[in-house]
Amino acid sequence: MISPDVSLVDLQLSQPLSLGVLASGKGSNLVAVADAIAQGKLNAAIKVVIYNKAQAQVKEKAAELGIPSVFCNHRDYPNREAFDQVLVDTLKAYQVHWVIMAGWMRVVTPVLINAFPDHVINIHPSLLPSFKGINGVEQALAAGVKITGCTVHLVRPEVDSGPILMQAAVPIFAQDTCEGLHQRIQQQEHQILPGAIALAAQQEN
Ligand code: GAR
């Protein structure tokens, strides 16, 4: 397993990073990033959380953390580009410089990617380039691989294809269920996501 010491990559960040988080689910990765910030391991501030599912638990997580959250329902827009433009406008209004897709279950378009060049980061529950797209955990189980994991990467228009920042490996055991395996993958996600954000910021300097 890879468990990077995020403080090592973070030490050289002089300016606090201004983050916006896009999330569709329960928000455990949001909490991991917020914890790393609170513990002084990541020099950053989360300016806003945008969620696209009314019932997403990430809304409560953001409230507990004192982070503003905005509900943007993709069903209210005629196409992906129009929805992404609303995301861009919202993120810019909160003066976000880095966009973190932390369980964002929507394909994003160049409208978002080009508004934040090389500043959109995604976390995916597999060792990319294996098992792209939805159900990365199920795909690994179905394929019968013995090792899977998680990947943090810069976002490009082709889904789950951008330059890799960090990965962590997770073994698959014979008795694994999808939920149990996903939980172990998420433990690793929480380890690598803050460090990968710091690494991306370092790489631009
Ligand atoms: C994470 O496991 C993340 O890798 C996955 O959604 C989960 C969100 O968990 N993302 C994708 O599958 C993207 N294709 P969280 O809401 O607890 O952070």
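The values are calculated or read from the model by the stated rules, or taken from the named source; none is laboratory data. Quick caveat, the model's predicted, so the values are computed rather than measured. Positions of Cβ are backbone-derived with ideal geometry, glycine not excepted, and every protein chain shown enters the neighbour counts. SASA here: full protein model, heavy atoms, side chains in, ligands and nucleic acids out. Shrake-Rupley method; radii C 1.70, N 1.55, O 1.52, S 1.80 Å.
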- Quick check: anything in region 139-149 within 20 Å of Pro16 (Cα to Cα) and open to solvent by 40 Å² or more (accessible area, probe 1.4 Å)? no
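Residues to consider are Gly180, Gly133; find the one that is open to solvent by 10 Å² or more (accessible area, probe 1.4 Å), within 22 Å of Gln57 (Cβ to Cβ), among the small types (Gly, Ala, Ser) and out of contact with any helix residue (DSSP H, G or I) (no Cβ under 6 Å at 6 or more places or on another chain). Talk me through it step by step, then tell me what you get.
Values: Gly133 fails: within 22 Å of Gln57 (Cβ to Cβ).
Exactly one residue qualifies, and that residue is Gly180.
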- Which of the residues spanning region 47-65 are in contact with a Ser or Thr (Cβ under 9 Å, 6 or more places away or on another chain) and aliphatic (A, V, I, L, M)? Val48, Val49, Ile50, Ala56, Val58, Ala62, Ala63
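Looking at region 88-111, which of its residues are away from the ligand (no atom under 16 Å from the Cβ), open to solvent by less than 30 Å² (accessible area, probe 1.4 Å) and among the aliphatic types (A, V, I, L, M)? Spell out the reasoning first.
At the first step, the residues of region 88-111 found to be away from the ligand (no atom under 16 Å from the Cβ) are 88-98, 110-111.
Restricting the remaining residues to those that are open to solvent by less than 30 Å² (accessible area, probe 1.4 Å) gives 88, 90-91, 96, 98.
The answer is Val88, Leu91, Val96.
Does any residue of region 147-159 turn out to be part of a loop (DSSP other than H, G, I, E, B) and farther than 22 Å from Ser24 by Cβ? Write out each step before concluding.
The first filter runs over region 147-159 and keeps only residues part of a loop (DSSP other than H, G, I, E, B), leaving 155-159.
Within this subset, residues satisfying the condition of being farther than 22 Å from Ser24 by Cβ are none.
Taking every residue of region 147-159 in turn, none turns out to be part of a loop (DSSP other than H, G, I, E, B) and farther than 22 Å from Ser24 by Cβ.
Looking at Asn122, Asn114, Asn205 in this structure, which one is modelled with pLDDT of 95 or more, of a type in the set (S, T, N, Q) and open to solvent by 60 Å² or more (accessible area, probe 1.4 Å)?
Values: Asn122 fails: open to solvent by 60 Å² or more (accessible area, probe 1.4 Å); Asn205 fails: modelled with pLDDT of 95 or more.
Result: Asn114 is the single residue among Asn122, Asn114, Asn205 that is modelled with pLDDT of 95 or more, of a type in the set (S, T, N, Q) and open to solvent by 60 Å² or more (accessible area, probe 1.4 Å).
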- Within region 122-163, the count of residues that are of a type in the set (A, V, I, L, M, F, W, C), more than 14 Å from the ligand (Cβ to nearest atom) and under 27 Å from Leu112 (Cα atoms) comes to 1
- Query: Applying the selection to region 57-85, what residues are out of contact with any helix residue (DSSP H, G or I) (no Cβ under 6 Å at 6 or more places or on another chain) and open to solvent by 80 Å² or more (accessible area, probe 1.4 Å)?
  - Reply: Gln57, Lys59, Glu60, Glu64, Phe71, Arg75, Asp76, Pro78, Arg80
